[in-house]
1. For the stretch 356-493, what relative contact order do you get, as a whole percent, if you take Cα pairs closer than 8 Å and at least 6 residues apart?
2. Shape verdict for the stretch 372-473, please, from the Cα gyration tensor: rounded (a/c under 1.5), prolate (a/b greater than b/c) or oblate.
3. Using a Förster distance of 22 Å, how high is the FRET efficiency between E167 and R217, based on the Cβ-Cβ distance and rounded to 0.05?
4. For A232 paired with L2, estimate the spin-label separation in nm (one decimal), with each label point 7 Å from Cα along the Cα-to-Cβ line.
5. Starting at the first residue of the stretch 146-153, write each ³J(HN,Hα) from the Karplus equation 6.51 cos²θ - 1.76 cosθ + 1.60 with θ = phi - 60°, in whole Hz, x for Gly and Pro.
6. Report, in order of residue number, the helices in the chain meeting two criteria: a C-alpha extent of 15 Å or more along the helix axis, and a mean Kyte-Doolittle hydropathy of at least 0.5; treat each whole DSSP H run as one helix.
7. Loop-only check: which trypsin sites (Lys or Arg not before Pro) in the stretch 384-491 are DSSP coil with at most 16 other Cβ within 10 angstrom?
8. Quick one: Debye curve from the alpha-carbon atoms of the stretch 173-232 only, equal weights, vacuum; give me log10 I(q)/I(0) at q = 0.16, 0.22, 0.26, 0.31 Å⁻¹ to two decimals.
Amino acid sequence: MLRYFPLFADLRGRRVLVVGGGEVAERKVRLLREAGATVDVVAREIVAPELAMWVQERDNASGAGLHVTDAGETGSHRSPVAWRAREFDESQLDGATLAVAAASDAALNERVSAAACARHLLCNVVDDAERSGFIVPAIVDRSPFVIAISSGGVAPVLARLARERIESLFDESFGALARLLEAWRGRIKSALPEVAVRRRFYEAVLRGRTAALVRRRQEDAAGRELERLLAAQAPAASGSVVLVGAGPGDPGLLTLNALRALQEADVILHDRLVSDEVLALARRDATRVCVGKAARGQSGSQERIHALMLEHARAGRRVVRLKGGDPFVFGRGGEELEFLARHGISFEVVPGVTAALACGAYAGVPLTHRDHAQSVRFATAHGGDCADGLDWASLALPRQTLALYMGVAALRTVGERLLAHGCEASKPVAIIERGSRPDQRVTLATLGTLAELAQAGDVRPPALVIVGEVAALAGALHWYGEPPRRWESLRRVA
């Protein structure tokens, strides 16, 4: 059963009494000002700095004869705040719409609550749900689109945690989208008087190209697209593809845009190495298809991926092509976009945290360092044939970091080629397996020991190989998971 009735109140120009002059009162007054309320403060002294500033602004405006509008706008003013009295008196509640008891004195707060109740006036008593006629929720503000979350006053931290998660799903573009729909609301209702038809129209707009254009900050184009759809009185099925970087595995490394795309997807075409934790954040009823290619023996082909993207997009579905790491760093994302462009399919790109950045950070390996490396090189050593095409002379230059993707199968080749081009056998190497995941493992070795490490077969993909003086810093700077193991020590034990 609902203990509190959810309600959004229009407080523009309405009087609200706040009792208290500290930081708690300041937080409440800030929200009330943003809602346009006229705030009267009762406090023995005002100690919160912003609250004092707002009162001073009101005094200055009154002294200068400035006019305050019903919405409380006077240039920099959001709404007026007045310090009415030092001591609380029940008569101060007369004419108020709401009251807030935010004093440090519990007995005073109780007295304010009792006086408000006697007048059938809703009062919020801070941190005292039992004496409150209303509670202030945690807020996700994408005005005019606003989400309020409440735990009924029993667990405010839980409400704040929910707000953090919801914040990640609704970015700032939702406010612009709401304003666009507000401007068009009358025309849409007139053109589509039937409620069911209008509802389907809105759903198509919110899932389609109009919303995508708003997210890209192309609001004029979004208005034109909305006008086109309304003129047709039925939005045509127009699918699209979002190329999303999933990062190396830790779902905490996903961007807000990646989360949004996963929540909006109809179909998710994901790589084999995308973690289950990342996939768990996707819309539950989305169709999921694993299209990843294994390092040894392909379990899927690029042609099949292209065909699936085209098939689902042409069927009007919103497709997420979910790729490990970043789609544009050794991920063939460019090829996939070229294919979509040739076939006239709308697309977006959401970058991800690439493996070199994430694995280096989670292993305590800074990719650049003033004392050791002034540049960083990214390369892929996926198999021997690929290694033949690398510029080993430049990769072997001193005072740089080399980050090798997909290099497990070519460990011996990497060591041999770099040694042949002038690197010392003692040059540090860090091999980071399953970087950023709970079972991350880091092995510290040297170029001179890579051949025997490869022969031992003790390293499994996915793994990133970092070569350079910075690799040795993992021993002292590791912070995530188990400490790095040193291959030299393992050799001696064996």
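Derivation of every value follows stated rules applied to the coordinates shown; laboratory data play no part. Since we're looking at a predicted model, the values are computed, not measured. Quick reminder, even Gly has a Cβ in these numbers, built from the backbone with ideal geometry, and neighbours come from all protein chains shown.
1. Details: 292 pairs, mean separation 42.5, N = 138.
The value is 31 percent.
2. It comes out rounded by the Cα gyration axes.
3. According to the calculation, E is roughly 0.70.
4. In this crude label model, A232 to L2 measures out at 3.8 nm.
5. 10, 10, 10, 10, 9, 9, x, x
6. On the way: long enough: 23-34 (17 Å, -0.84); 49-63 (21 Å, -0.81); 106-118 (18 Å, 0.69); 156-169 (20 Å, 0.06); 173-191 (26 Å, 0.09); 195-207 (18 Å, 0.00); 219-232 (20 Å, -0.34); 302-314 (18 Å, -0.64).
The qualifying helices are 106-118.
7. Values: sites: R399, R412, R417, R434, R441, R485, R486, R491; in loops: R399, R434.
Sites meeting the loop and neighbour criteria: R399.
8. Cα-only, vacuum Debye calculation for the stretch 173-232: -0.43, -0.82, -1.14, -1.49.
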